[in-house]
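Working notes, structure below.
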Amino acid sequence: MNVDLSPFDAMILMSFGGPEQEADVLPFLQNVTAGRGIPDERLKEVGEHYYQFGGRSPINEQNKSLLEALRRELELRGITTPLFWGNRNWKPFLTDAVRNEHQRSGAQKFLAIDTSAYSSYSSCRQYREDFATAQTQLFAEGIHVEFDKVRQYYNHPGFAQAQLDCVREALEKYRSQAGSLNPSAFRILYVTHSIPSAMQQNSERHTNGYQAQHEELIDWIGTQLEPVYGSFRSELVYCSRSGSPRTPWLEPDINDRLRELSQDGVDGVVVVPIGFVSDHMEVKYDLDTEAFQTAKDLQMNFVRAATVGTHPKFVSGLIDLALERAAQVRNSVERIEEAVVIGSALSSGSGACSRNCCEGGRKVPTQPNWPTC
Ligand SMILES: CC1=C(CCC(=O)O)c2cc3nc(cc4[nH]c(cc5[nH]c(cc1n2)c(C)c5CCC(=O)O)c(CCC(=O)O)c4C)C(CCC(=O)O)=C3C
Ligand SMILES: [Fe+2]
C-alpha cells in the first residue's frame, strides 16, 4: 500500500474551534464574526446557547477524540508523519500550532484535514484564507511554511459509508421506539447548516455546489437503503440560520418543516445531521434541544442519528484522502483518481476546489495558488 505522505512534513487536523468556559464565549464569538455584520441580537442569542452548556462547546472534545483516532490509524499504517491540531476561531489557533510544530521538527509543508465535507466559503475557501493569514504572520517572524488541504469529501467512500451506517442505526432505533417504520407516516430529515443564498451561488461556480453535494449524498444513501428498507421519503432541511432576516439563506428551517409535516399527517422523523461531522453546538442545541422540543410539542417521534464522529470508516477515509492529496501533489496533477461513491463528473474536487472555489466579492489571498490553472 502507498503510505507516502511526501512532500508533506506534517498534518494538521483543522477545525472551527469552540469556547471551553463562560469567559471564552464572547471573545470566541468575536473571532467568528469579525467583520461579518452579524446583528448583535443574534450574537446574544447564540451566546445563550453556549451559556446553557456552561460556556463549553462540545466541539473541542470531539476533535481531541478524532485526533487520537487519526493518530492510531496512522500508526497502524506505519505512517510516521506527525499530526497535530489547529483551529480557526479558538485555541489551539492554527498559527500557534504551526509555529510550535515548525520549531519542534522544522516542518515547512503542511497538509490539513479539515472537518468540513462540503464546498462553500465557510466550509472550504475560508480555511484556505486561514492558511494564507498564518503563512503571512509566520513569514514576518522569519518562518516559511506552505499549506494544502484534502478535498471536500462528501462523496468519499469513507465519509459516505460511515454516514450510511449512522442512518441505518437511527432507523433501527426509530423502529424500536415507535414500533414500526411506516413509510407514509415518517420522514428522514437530513439537516445541514444554512448558508446565505449568495454563498450557495458562489459555491456553484467551481463545484457542483453546497446544496447539490448534500443532495447527491442523500440520494446515494437512499439507493443503499432501498434493498433492505424499501424507499423512504427524505428531505434536506437547514438549521442555524444567522445574519440579517432581510438576507436570503437556504431554507426550510427544520422547525418550520416539522410544523408543516405534522399538518400533513407525518407523525415522526429521523433527523440526520449530515452537514456536521461531529456533535457540534448546532447539533446539541439546534437539533437536540430546539428541534427536539418542536417535535415534542407536535407530538412527533424524534430520533436523531449519530454524527460520523470517530467512525472507523470515516477515520480511515480521512487518511486515504491525505494520501490521495499527497499523490496528486507529487505528480503535479490536480485530479488523479479520486475515490468516490457518486459518479458525477463534477463531484470530486480537490482540483476544482483549489484556487477559485467558493470565492465571494472580496479578494482575499488563499493558500495554495495552483500554478497550473
Ligand atoms: C457551512 C457552515 C458550517 C459547516 C462547515 C464547518 O464545520 O466548517 C459551520 C460550522 C460551524 N459554525 C460554528 C459556529 C458558528 N457559526 C457562525 C456563523 C456562521 N456559520 C456559517 C456557516 C457554517 N458554519 C455562516 C455562513 C455563518 C454566518 C457568519 C459567517 O459568515 O461567518 C457563528 C456566529 C453566530 C451565528 O451567526 O450563528 C457561530 C458561533 C461551529 C462551532 C460550533 C460549536 O461550538 O460546536 C461550527 C462547527
Ligand atoms: Fe457556523
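Bear in mind that the values in this text are calculations on the coordinates, not laboratory data. Values in this document were obtained by computation on a predicted structure and should not be read as measured data. Ideal geometry is used to build each Cβ from the backbone, glycine not excepted, and the neighbour counts take in all protein chains shown.
A few remarks follow.
- Taking the chain as a Gaussian network of alpha-carbon nodes connected by springs under 10 Å, the highest mean-square fluctuation of the residues Ser57, Ser262, Ser105 belongs to Ser105.
- Point-to-point label distance, Glu45-Gln263, nm (Cα→Cβ direction, 7 Å offset): 2.1 nm
- Gain upon complete extension [Thr223, Gln103; 0.36 nm per residue less C-alpha separation]: 38.3 nm
- Segment 194-219-segment 1-35 distance, computed between alpha-carbon centres (Å): 23 Å
- Label zone at Glu251 (point 7 Å along Cα-to-Cβ), backbone N below 16 Å, segment 27-41: none
- Over segment 157-304, Cα pairs under 8 Å with separation of 6+ residues give a relative contact order of 33 percent.
- Positive-pole candidate from Leu164, Val329, Met11, dipole of the chain, charges at beta carbon: Val329
- Sequence-separation-based contact order of the chain, relative, with Cα cut under 8 Å and 6+ spacing, percent: 25 percent
- Shape call, segment 165-267: gyration tensor on alpha carbons, a/c limit 1.5: oblate
- When both bridge partners sit in segment 157-304, DSSP labels roughly 5% of those beta bridges antiparallel.
- Note on the chain: GNM, Cα springs under 10 Å; of Glu73, Glu45, Glu22, the largest mean-square fluctuation is that of Glu45.
- Separation of the Ala140 and Asn182 label points, Cα + 7 Å toward Cβ, nm: 6.4 nm
- Footprinting exposure proxy for Asp297, Asp130 (fewest neighbouring C-beta atoms within 10 Å first): Asp297, Asp130
- For the chain, built as a Gaussian network whose Cα springs stay under 10 Å, the top-fluctuating residue of Arg99, Arg168, Arg36: Arg36
- Listed from fewest to most Cβ neighbours within 10 Å, the set Ile143, Ile221 follows the order Ile143, Ile221.
- DSSP bridge pairs, the chain: antiparallel proportion in percent, nearest 5: 5 percent
- For the chain: rounded, prolate or oblate by the Cα gyration tensor [a/c cutoff 1.5]: prolate
- Shown here for segment 204-242: trypsin sites (Lys or Arg not before Pro) in loop regions (DSSP other than H, G, I, E, B) with at most 14 other Cβ atoms within 10 Å, namely Arg205, Arg233.
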